[in-house]
Amino acid sequence: MKPYLRDHTPVLLSEIPDAPSYEAGFLVSKNAGWRSTRPVIDTEKCTGCLMCYLHCPEGVIYKAGGKVAVDYDFCKGCGICVRICRAGAIETEAER
Amino acid sequence: MSINVRDLNESEFFYGHKACAGCGGSLAVRIALKVLGERSVAVLPAGCMSAVGFNFPQLCFANNAIISTFAGTASMLTGIEAGLRAKGVSDFHAVGFAGDGGTADIGLQALSGAIDRNDNIIYICYDNEAYMNTGIQKSSLTPFGARTTTTPAGKNIRGNVKDKKNMFEIVAAHGIPYAATASIGYMNDFMNKVDKASRIHGTKYIHVMAPCPTGWGHEPCETVEIAKEAVDCGLWYLAEYEDSEYILNRNVKDFTDISQYLRKQSRFRHLRDEDIEYITKSRDAKWNEIRTKYKTV
């Protein structure tokens, strides 16, 4: 479970609750546009040590079949995962 | 029983936020919430984490979370804990995430009051050593020599002229049930301190060092390394306070080079050799005190 991107952004007043509270984990915009480089995981080299998963400030690295994968919708391309990876399994690639 | 990355909760409770790339504070919040779980009510005062987590209608917390007044993190935690207890709810954690300014300057009175009442709350201070989201102004946890917009580096005065306040010992002096210092560079230590705090009754305080690439002036990819280096060079230390006793968790025998740590950050780039000498001397004095006062393990 994690907050997920909604397909509809509330715009009308009637879509916003009267109470000063709102649904938790309500995402309407991606962070992908912040990125100039993207981390790419080499699943051959990945040992599944999960250090990148543990140190990602965004939490966009998730477990996938004993290895890891990246949610590129919200990755900001900070590169912490590239530095922390002891197996050298994460490469930086320029965004077009 | 210690927790590690393999048995960490797989859910994400702080996701899609608008923090700068490589933000140390958001990493501390994310990991603490993963340890505490979804039955935690988070309180965030004015500061980076409320600014990046609640951009209506983008709400990035998956658990209950609320913004408090700048000064009122601890008092709101008190209220949440008392309110839920009155409703008969018991399986929850009231946890606050305040920055260094919201803890050591503006929120100190409320925190002191909560510790005095020994309310059953967890207070986590993510220390990025200045008021970062308003544009890097000095707080009382800004270290000596650091350049901020309110302590600029010029010809006569080179950055902050005051030393960093020791918030951990101030909190411990209240006789709090549990207080600890941590760093995002030593993640296992931090996770286990949060886990330990969640099992103790009474007020718990964790002070976690969280570098800020924007304010400190280092590359976003270096955040974790810089946090680790701060501990290795002796300018930050990992300790606990429990049962009226100080415990040093990591007794660093050989410090790494302080100037190497400082030179990586643009906020210290103006420092002269005599300033680094002063920083080294204060570090050695502090560690002499630590080694006599703290129990080493």
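Ordering B:L141, B:L27 by the number of other Cβ atoms within 10 Å of each residue's own Cβ, fewest first, gives B:L141, B:L27. Plainly put, region B:1-104 has a radius of gyration that is 0.97 times its Kirkwood radius, both from alpha-carbon atoms, as the Rg/Rh ratio.
Taken over region A:4-94, the ratio of Cα radius of gyration to 2.2 N^0.38 Å equals 1.37. Rank B:A110, B:A32, B:T203 by how far each Cα sits towards the positive end of the charge dipole of chain B (+1 on Lys, Arg Cβ; -1 on Asp, Glu Cβ) and give me just the farthest. With unit charges placed on the Cβ atoms, the residue in question is B:A110. Among B:I258, A:I80, B:I157, A:I61, the ranking by other beta carbons within 10 Å of each residue's beta carbon, starting with the fewest, stands as B:I157, B:I258, A:I61, A:I80. A dipole drawn for the protein assembly as shown from +1 and -1 charges on Cβ atoms has a positive end, and of B:Y261, A:H55, B:V52 the residue lying farthest that way is B:Y261.
The GluC sites (Glu not before Pro) found in region B:1-64 that occupy coil by DSSP, while having at most 16 further C-beta atoms within 10 Å, are B:E10, B:E38.
The aspartates and glutamates within cross-link reach of B:K293, meaning a Cα-to-Cα straight distance under 12 Å and a gap of 8 or more places when in the same chain, are B:E169, B:E245. With the largest listed first and rounded to whole Å, the semi-axes of the equivalent ellipsoid of chain B from the Cα gyration tensor are 30, 22, 18.
Within region B:27-105, the trypsin sites (Lys or Arg not before Pro) that combine a DSSP coil assignment with at most 16 other C-beta atoms in a 10 angstrom radius are B:R39, B:K87.
The fraction of all Cα pairs in region B:249-297 landing in successive 5 Å bins from 0 to the largest distance is 5, 18, 25, 21, 15, 11, 6, 1, given as whole percents. Taking a sphere under 14 Å around the Cβ of A:T9 and counting the other residues whose Cβ falls inside, with K and R at +1 and D and E at -1, yields a net charge of -1. Other residues whose C-beta falls under 10 angstrom from the C-beta of B:I226 contribute a net charge of -2, scoring Lys and Arg +1 and Asp and Glu -1.
The magnitude of the dipole of region B:239-295, with charges of +1 and -1 set on the Cβ of Lys/Arg and Asp/Glu and taken from the Cα centre, is near 280 debye.
Given +1 at the Cβ of Lys and Arg, -1 at the Cβ of Asp and Glu and no other charges, the dipole of region A:4-94 around its Cα centre is 460 debye to the nearest 20. Here is the tail figure for the protein assembly as shown: Cα pairs spaced more than 41 Å apart come to 11 percent of all pairs.
For B:F255 and B:N55, a Förster radius of 35 Å and the Cβ-Cβ distance give a FRET efficiency of 0.25, rounded to the nearest 0.05.
Based on Cα contacts under 8 Å between residues 6+ apart, region B:13-296 shows a relative contact order of 17 percent. Of B:K162, A:K76, B:K138, A:K67, the sequence from fewest to most neighbouring Cβ atoms within 10 angstrom is B:K162, A:K67, B:K138, A:K76. Each Cα pair under 8 Å and six or more residues apart adds its separation to the average, and for region B:110-188 the resulting relative contact order is 22 percent.
Structure shown: which of B:K164/B:K204; A:K76/B:K164; B:K138/B:K228 lie over 25 Å apart, alpha-carbon to alpha-carbon? Pairs exceeding 25 Å: A:K76/B:K164. When only the Cβ of Lys, Arg, Asp and Glu is charged (+1, +1, -1, -1), the dipole of the protein assembly as shown relative to its Cα centre reaches about 500 debye. Here the protein assembly as shown carries DSSP beta bridges of which approximately 45% are antiparallel, counting only pairs with both residues inside. A Förster radius of 56 Å, combined with the Cβ-Cβ distance separating B:A285 from A:S14, puts the computed FRET efficiency at roughly 0.30. For the residue pairs B:K34/B:K87; A:K2/B:K165; B:K162/B:K196; B:K155/B:K286; A:K2/B:K196; B:K165/B:K295, the C-alpha atoms sit more than 27 angstrom apart in A:K2/B:K165; B:K162/B:K196; B:K155/B:K286.
Read-outs throughout are calculated quantities, based only on the coordinates presented, and are distinct from any laboratory measurement. On a predicted model such as this, the values are computed, not experimentally measured, just so you know. We place every Cβ from the backbone using ideal geometry, glycine too, and count neighbours over all the protein chains shown.
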